[in-house]
Amino acid sequence: MNSADITTVKSILSQSQNIAIIPHRNPDGDAMGSCLALYGFLKATGHTAYVVAPNDYPKFLKWMPGNDTVINFERENPKAKEVINGASVIFTLDFNDLSRVGQMESVLKEAEADFIMIDHHQQPSDYAKVTYSDVTMSSTCEMVYNFIAFLGETDQIDADIATNLYTGIMTDTGSFKYRSTSSKTHRVVAELIDKGADNMEIHQKVFDTNSPSRLHLLGVALSNMVILPEFRTAYITLSQDELDQYDFKKGDTEGFVNYGLTLEGVIFALIFIENREEGIIKISLRSVGDFSVNEFARQHFNGGGHTNAAGGRSETSMEETISRFNDILKTYKDKLNP
Ligand code: 5GP
Ligand code: MN
């Protein structure tokens, strides 16, 4: 964040404000961690704050400090609208385009509050009074730590805030192994442990809560995997029937896409998941190296994200989506074999 923006934020937060904090739709660990950490910080510094999530999020995140205070826009719509319309400041965290909040988009567009964006995705839109955007950052949680540091307020970080920030950094870095994990990331994480984040307990709460049906669904996903060595690509499909058979719950497919990348030689992995209710195929894309799944998702599947992790969607059937994907892939043969 540049010094002009820091001055602007300090001036805004010098008075007690009504604040709404918004993660993207289908929030992940980084989205919820950053929102709940900022919530804790703003409460501690004399503001009225609420986290308003566009929709529900996975059970493996529902232990996070402050979780009980989160307002779900889909389930508690009047209350959510009241908070957004009554806000003098709205923070949008872990996304950079208002289309990422689904049905909440029109409500945010009409809000009169000052917007502050904190985000690490590529190509930010221009809707905020203050845009703190940095694509080199491991996570929005690392940025929220920096944000608090820019304000000179790291003393306010208690064990709950530290726990939320640790969780988001851990999930968005694949437990500190992705390229975006810097020495600075590790310094921030060390600081968070000193401030009371229990690293072993957080790992257990997020990763060691598998249900039998999730592991069985993983088995189906792995046996559905198609490997295309000439394109150094591997993809997985999961149909709605398969999800139903294994009692799918939100978050159950988290991480499945990464298995493709563990194959020697594979640099591009995808998972296509049918969502009959929404009439879409949700796509997650991952890569290693320079192949940009952000560009791929943006150009062909109405999505985006980061160079090595992105999401998108298709509005045709699974069969048509896969057939179109195979056609598109042919035009990427050189880019995938540099
Ligand atoms: P995931 O595959 O885990 O849902 O998402 C991977 C990354 O891409 C995350 O950083 C996520 O925020 C972003 N992402 C997921 N879906 C979309 C989408 O539909 N549009 C855009 N622009 N980004 C997405
Ligand atoms: Mn993130």
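The values are calculated or read from the model by the stated rules, or taken from the named source; none is laboratory data. On a predicted model such as this, the values are computed, not experimentally measured, just so you know. Don't worry about glycine lacking a Cβ; one is built from the backbone with ideal geometry, like all the others, and counts go over all protein chains shown. In case anyone asks, the SASA skips ligands and DNA or RNA and just uses the protein heavy atoms, side chains included. Shrake-Rupley method; radii C 1.70, N 1.55, O 1.52, S 1.80 Å.
Annotations for the structure displayed:
- Out of 124, 58, sole residue that is open to solvent by 50 Å² or more (accessible area, probe 1.4 Å) and at pLDDT 95 or above: 124
- Residue within the range 241-248 that is within 17 Å of residue 174 (Cβ to Cβ), in a loop (DSSP other than H, G, I, E, B) and out of contact with any Gly (no Cβ under 6 Å at 6 or more places or on another chain) present: no
- Candidate set from the range 292-303 (those that are open to solvent by 20 Å² or more (accessible area, probe 1.4 Å) and in contact with a strand residue (DSSP E or B) (Cβ under 7 Å, 6 or more places away or on another chain)); member that is nearest to residue 321 (Cα to Cα): 302
- Criterion (closer than 21 Å to residue 41 by Cα, open to solvent by less than 30 Å² (accessible area, probe 1.4 Å) and within 16 Å of ligand 2 (Cβ to nearest atom)) met by exactly one of 173, 167: 167
- Check on residue 238, surrounded by 21 or more Cβ atoms within 10 Å (Cβ to Cβ) and within 16 Å of ligand 2 (Cβ to nearest atom): no
- Total residues in the range 38-85, condition part of a helix (DSSP H, G or I) and either closer than 11 Å to residue 22 by Cα or out of contact with any Pro (no Cβ under 9 Å at 6 or more places or on another chain) (or both): 20
- Entry remark, the range 282-335: residues being assigned to a strand (DSSP E or B) and under 24 Å from residue 30 (Cβ atoms) number 13 in total.
- Residue list for the range 26-55, restricted to those being open to solvent by 20 Å² or more (accessible area, probe 1.4 Å) and either at pLDDT below 95 or within 13 Å of ligand 2 (Cβ to nearest atom) (or both): 26, 28
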